[in-house]
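What follows is a set of notes on a single structure, which appears directly below.
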Amino acid sequence: AIKEAKGLADLLPCPDTTTAQQIAARMLANNCQDVLFILDGWDELPPNLRINSIFHQLVQPELPQSNPLCESTVIVTSRPIASGDLHRVVSSRVEILGFTADELHQFFSECLKGDTEAVKTLLERIEENPEVAGSCYLPLNATILVHLFKSDRNTLPTTLYGIFSSLILNCIKRHLKLRTQNKDMSIESLDQLPEFAKKPFSVLCQLAYDGVMEDKIVFTDLPADVNTLSLLQGVESFIEREKAVSYNFIHLSIQELLAAWYIAKQLSASEQVAKFNELFEKSRFNAVFQF
């Protein structure tokens, strides 16, 4: 919808085109005064649409009075790692901090059923790496950490790579158990995947890499026989009256780690250097670079 939109009417959720045009006309007649736009997930919008779409009129600095949207209010959401371009534009910024230290301790206590020794051990393992500790304010990341801690018999990787590679490995092992009925899945690392899982894993790594190169996180053109290894989730939608399925990785960091894996395993040393030089300043690639 954003890509094809020619004007405000194309973005309004109206039952018909005529109604949308009438409402848009009334909004624009008042320069959208008292209208609130919420651009949720700005970092998920491809760069070309941030520049060549109606949204560019909403987030450019010093809107001229001739702009038909100049009286509107705009809220933009984005991951901090991808919001740098917005800092010079917005009038104020709010960062959602998530769990405080006390809330994190309470959350871990509830997940570990009040086992004070286990909670103490988990917090000690987390504090061994500042990057890991700094990610815990996000409830989803805290959930991932406590899940890994419990499933790995009260141990925990102490790097971001170790955490998310363990998460990927757990998802794949669970997927293989369900599909093969093999309960003995003694796979200790991504280098030890069984032969029948290596090819689909390689396909997903290239998909993740291509997505990062194109700044894309939603995929609609997966082959029908692709094995997602439970690392992607599909959502059914209707596009131009035809049913379609859109896929995305279950966590954005999984896509970024798999892209890093592809660079490390599939590209030659000279190709790796060339890619680093080309993409080092791009926010999405910075997220890949951490792995």
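Just one of (1) under 22 Å from residue 138 (Cα atoms); (2) crowded, with 17+ Cβ neighbours inside 10 Å fails for residue 58. It is (1). Among the conditions (1) in contact (Cβ under 8 Å) with a residue 12 or more places away in the chain; (2) farther than 19 Å from residue 245 by Cβ, the only one that residue 211 does not satisfy is (2).
Residues that are under 22 Å from residue 138 (Cα atoms) and not hydrophobic (A, V, I, L, M, F, W, C) within segment 78-91 comprise 78, 79, 80, 83, 84, 87, listed in sequence order.
Matching residues to (1) out of contact with any His (no Cβ under 8 Å at 6 or more places or on another chain); (2) within 29 Å of residue 290 (Cα to Cα); (3) at pLDDT below 80; (4) acidic (Asp, Glu):
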residue	(1), (2), (3), (4)
45	yes, yes, yes, no
55	yes, no, yes, no
62	yes, no, yes, yes
88	yes, yes, yes, no
117	yes, no, no, yes
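Taking segment 257-291 as the range and being modelled with pLDDT of 85 or more, surrounded by 14 or more Cβ atoms within 10 Å (Cβ to Cβ) and not small (Gly, Ala, Ser) as the test, the residues that pass are 257, 258, 261, 262, 263, 267, 288, 291.
When segment 8-37 is filtered for residues that are outside any loop (DSSP other than H, G, I, E, B) and β-branched (Val, Ile, Thr), the ones remaining, listed by number, are 17, 18, 19, 23.
If you go through segment 127-137 and keep only what is open to solvent by less than 80 Å² (accessible area, probe 1.4 Å) and either in contact with a helix residue (DSSP H, G or I) (Cβ under 9 Å, 6 or more places away or on another chain) or closer than 24 Å to residue 187 by Cα (or both), you end up with 129, 132, 133, 135, 136, 137.
Only one of 69, 58, 49 is in contact with a strand residue (DSSP E or B) (Cβ under 9 Å, 6 or more places away or on another chain) and assigned to a helix (DSSP H, G or I). Can you tell me which? On inspection, the qualifying residue turns out to be 58.
Screening segment 112-126 for residues that are of a type in the set (A, V, I, L, M, F, W, C) and open to solvent by less than 40 Å² (accessible area, probe 1.4 Å) and picking the one that is farthest from the chain's Cα centre (by Cα) gives 118. Scanning segment 151-167 for residues being of a type outside the set (Gly, Ala, Ser), outside any loop (DSSP other than H, G, I, E, B) and either open to solvent by 50 Å² or more (accessible area, probe 1.4 Å) or within 15 Å of residue 189 (Cβ to Cβ) (or both) gives a total of 4.
Okay, residues lined up against (1) open to solvent by 10 Å² or more (accessible area, probe 1.4 Å); (2) modelled with pLDDT of 90 or more:
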| position | (1), (2) |
| --- | --- |
| 147 | yes, yes |
| 176 | no, no |
| 189 | yes, no |
| 208 | no, yes |
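Taking segment 17-38 as the range and being open to solvent by 70 Å² or more (accessible area, probe 1.4 Å), farther than 14 Å from residue 70 by Cα and free of Cβ contacts under 8 Å to residues at least 24 places away in the same chain as the test, the residues that pass are 17, 18, 21, 22, 23, 26. Which condition from (1) at pLDDT 90 or above; (2) farther than 16 Å from residue 254 by Cα; (3) exposed (fewer than 15 other Cβ atoms within 10 Å of the Cβ) is the one that residue 184 breaks? Here residue 184 meets the rest and fails (1).
The values are calculated or read from the model by the stated rules, or taken from the named source; none is laboratory data. Keep in mind the model is a prediction, meaning the values are calculated, not measured. Cβ sites come from the backbone with ideal geometry, for glycine too, and all protein chains shown count toward neighbours. Remember, those area values only see protein heavy atoms, side chains included, never the ligands or the DNA or RNA. Shrake-Rupley method; radii C 1.70, N 1.55, O 1.52, S 1.80 Å.
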